[in-house]
Amino acid sequence: MAENLRKRIAGVLVLAIMVLPLAAGAEEFKLPFTPRVPGKESKDSCPKPPKPVVSLKLTSKYGKDGARRDTVDPKSEEEFNAQMKPINDYAKGVIKQAQHYTETGDPAAAKCALTWLDAWAKGDGLTEMENETAHYKRGTTTSGLSFGLMQVMPAIKEDVRLPGVQKWLARLARSSADFYQGEPERNSARNNHSYWVGLAEVSAAVVSGDRALFDRGVASYKKGVCGATKQGALPLEVGRGKKARAYHLYALSALVPLAATAEANGVDAFGMCDGAIHRIVKFSLSAIDDPAPLAEMAEAEQDPFEDKAALPPGKQLTFMVLYHQKFPGRAPLEEKLMTQGHFVSTALGGDQELLYPK
């Protein structure tokens, strides 16, 4: 994003702390970013939301791969992508409207995002997950939808549809968290899956005022970062063989915004376990230039980045925008990595440079 656009957006953001409209007895939480002030409403029409997907069973893109789960099976990946398409299209539609509001302040876009959220809330969307992969992907989807709702909150806080959406998002996050809590011996109950479901818990808690859900998400974060080695390696991500480097970066894309959201609400997440998250960032980013130490731990040469580029694409570095904002100059390769651009993730609410301008 151009520097002048970032400055223009930052100049019209809400300056006061955003207080969410919540049900009686719910707790007020602060957002990890400052949302846009509503401006003049356009007459833009709102596309009709797609029919809610209620039940979901997903094929793992790794097929029948071994314990490391580090070799994608093309046929399984094709099936997975087809199964996820209606959910991804829906989430992207919500985030498109939320980001349009963040860019322009147009209340019509905010109301359209709420219309889409309300349609799936009333239709019990994503309430019946049939396997572990479905629970995990519902977690990343719930996170994105919650960050989308945060963005538009100033323009729809009095809308009668809002309480139902808040309740639905909390329900989705709680259900997937319950699944992993009931399967504590699974690696996925302790690795990046757990971090992403933790982010879903915390983000859904912030928009719904659910303290118990928030505390559970913070506990997932604590378990993750405090389990890092002294060097900053995440043992279960090291166990992903040739994809260990990629999964460290992917884990950080959940852990850093989770920490920022917790910090906004009084939790010393970045300082937890002697600043463990900073060790993880340093170790993971250092492996971009020199993957040898991680390759030795993982007992596998690391997969190259897309097109065998020297640096990973921005979509693998979404956490960098927020980390740079909070700790400028601290991350290895920061100057190079911040030039990658396109730090966009539907699961994090869209373009991170819109949400966290310099």
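The values are calculated or read from the model by the stated rules, or taken from the named source; none is laboratory data. Values in this document were obtained by computation on a predicted structure and should not be read as measured data. Here the Cβ positions follow ideal geometry from the backbone for every residue, glycine too, while neighbour counts run over all protein chains shown.
Let's see how each residue does on (1) within 14 Å of Ala134 (Cα to Cα); (2) of a type outside the set (Ser, Thr, Tyr); (3) in contact (Cβ under 8 Å) with a residue 24 or more places away in the chain:
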site: Lys40; (1), (2), (3): no, yes, yes
site: Arg68; (1), (2), (3): no, yes, yes
site: Val72; (1), (2), (3): no, yes, no
site: Ser76; (1), (2), (3): no, no, no
site: Ala82; (1), (2), (3): yes, yes, no
site: Lys85; (1), (2), (3): yes, yes, no
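Being hydroxyl-bearing (Ser, Thr, Tyr), surrounded by 16 or more Cβ atoms within 10 Å (Cβ to Cβ), closer than 25 Å to Ser194 by Cβ and more than 18 Å from the chain's Cα centre (by Cα) narrows it down to one of Ser286, Ser253, Ser345, so name that one.
On the way: Ser253 fails: more than 18 Å from the chain's Cα centre (by Cα); Ser345 fails: more than 18 Å from the chain's Cα centre (by Cα).
Result: Ser286 is the single residue among Ser286, Ser253, Ser345 that is hydroxyl-bearing (Ser, Thr, Tyr), surrounded by 16 or more Cβ atoms within 10 Å (Cβ to Cβ), closer than 25 Å to Ser194 by Cβ and more than 18 Å from the chain's Cα centre (by Cα).
Please specify each residue of region 220-276 satisfying the condition of being among the charged types (D, E, K, R) and in a helix (DSSP H, G or I).
From region 220-276, those among the charged types (D, E, K, R) are 222-223, 230, 237, 240, 242-243, 245, 263, 268, 274; that's our starting set.
Within region 220-276, Lys222, Lys223, Glu237, Lys242, Lys243, Arg245, Glu263, Asp274 meet the criteria.
In region 114-209, which helices (runs of 4 or more DSSP H) lie fully inside it and hold 3 or more residues that are of a type in the set (S, T, N, Q) and modelled with pLDDT of 95 or more?
Hits in region 114-209: 132-156.
Checking Asn88 against (1) of a type outside the set (Asp, Glu); (2) within 19 Å of Val218 (Cα to Cα); (3) surrounded by fewer than 23 Cβ atoms within 10 Å (Cβ to Cβ): exactly one of these is not met. Which one?
Going through (1) of a type outside the set (Asp, Glu); (2) within 19 Å of Val218 (Cα to Cα); (3) surrounded by fewer than 23 Cβ atoms within 10 Å (Cβ to Cβ) one by one, Asn88 breaks only (2).
Conditions tested, residue by residue: (1) surrounded by fewer than 17 Cβ atoms within 10 Å (Cβ to Cβ); (2) part of a loop (DSSP other than H, G, I, E, B); (3) within 20 Å of the chain's Cα centre (by Cα).
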{"site": "Glu296", "(1), (2), (3)": "yes, no, no"}
{"site": "Ala300", "(1), (2), (3)": "no, yes, no"}
{"site": "Pro304", "(1), (2), (3)": "yes, yes, no"}
{"site": "Pro312", "(1), (2), (3)": "no, yes, yes"}
{"site": "Lys315", "(1), (2), (3)": "yes, no, yes"}
{"site": "Met320", "(1), (2), (3)": "no, no, yes"}
{"site": "Tyr323", "(1), (2), (3)": "no, no, yes"}
{"site": "Gly329", "(1), (2), (3)": "yes, yes, no"}
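Can you tell me which of Thr127, Thr141, Thr104 is of a type in the set (S, T, N, Q), buried (at least 23 other Cβ atoms within 10 Å of the Cβ) and touching a residue at least 24 places away in the same chain (Cβ under 8 Å)?
Working: Thr127 fails: buried (at least 23 other Cβ atoms within 10 Å of the Cβ); Thr104 fails: buried (at least 23 other Cβ atoms within 10 Å of the Cβ).
Matching residue, one of Thr127, Thr141, Thr104: Thr141.
Please list, ordered by first then second residue, the pairs with beta carbon atoms under 6 Å, 6 or more apart or interchain, first in region 305-328 and within 25 Å of Phe270 (Cα to Cα), second among the β-branched types (Val, Ile, Thr) and part of a helix (DSSP H, G or I).
Hits for this filter: Phe319/Val256; Leu322/Val256; Tyr323/Val256.
With the requirement that a residue be closer than 21 Å to Gly275 by Cα, over 16 Å from the mean Cα position of the chain (by Cα) and touching a residue at least 40 places away in the same chain (Cβ under 8 Å), what does region 196-215 give you? Lay out the reasoning, then the answer.
Here is the first cut: in region 196-215, the residues closer than 21 Å to Gly275 by Cα are 196, 198-199, 202, 214-215.
Next cut, over 16 Å from the mean Cα position of the chain (by Cα) only: 215.
None; the set is empty.
Is it the case that Ala177 is under 23 Å from Ala134 (Cα atoms), touching a residue at least 24 places away in the same chain (Cβ under 8 Å) and out of contact with any Pro (no Cβ under 6 Å at 6 or more places or on another chain)?
Values: under 23 Å from Ala134 (Cα atoms): yes; touching a residue at least 24 places away in the same chain (Cβ under 8 Å): yes; out of contact with any Pro (no Cβ under 6 Å at 6 or more places or on another chain): yes.
The answer is yes for Ala177.
For region 210-237, give me the residue count where each residue is closer than 11 Å to Leu294 by Cα and surrounded by fewer than 20 Cβ atoms within 10 Å (Cβ to Cβ).
Step one: of region 210-237, the residues closer than 11 Å to Leu294 by Cα are 231-235, 237.
Then keep just the ones that are surrounded by fewer than 20 Cβ atoms within 10 Å (Cβ to Cβ); that gives 231, 235.
Qualifying residue count, region 210-237: 2.
Taking the conditions exactly as written (of a type in the set (D, E, K, R) and either within 13 Å of Arg245 (Cα to Cα) or in contact with a Phe, Trp or Tyr (Cβ under 8 Å, 6 or more places away or on another chain) (or both)), does Lys308 satisfy them or not? If you could, list the steps in order and put the result at the bottom.
Details: of a type in the set (D, E, K, R): yes; either within 13 Å of Arg245 (Cα to Cα) or in contact with a Phe, Trp or Tyr (Cβ under 8 Å, 6 or more places away or on another chain) (or both): no.
Taking the combined requirement at face value, the residue does not satisfy it.
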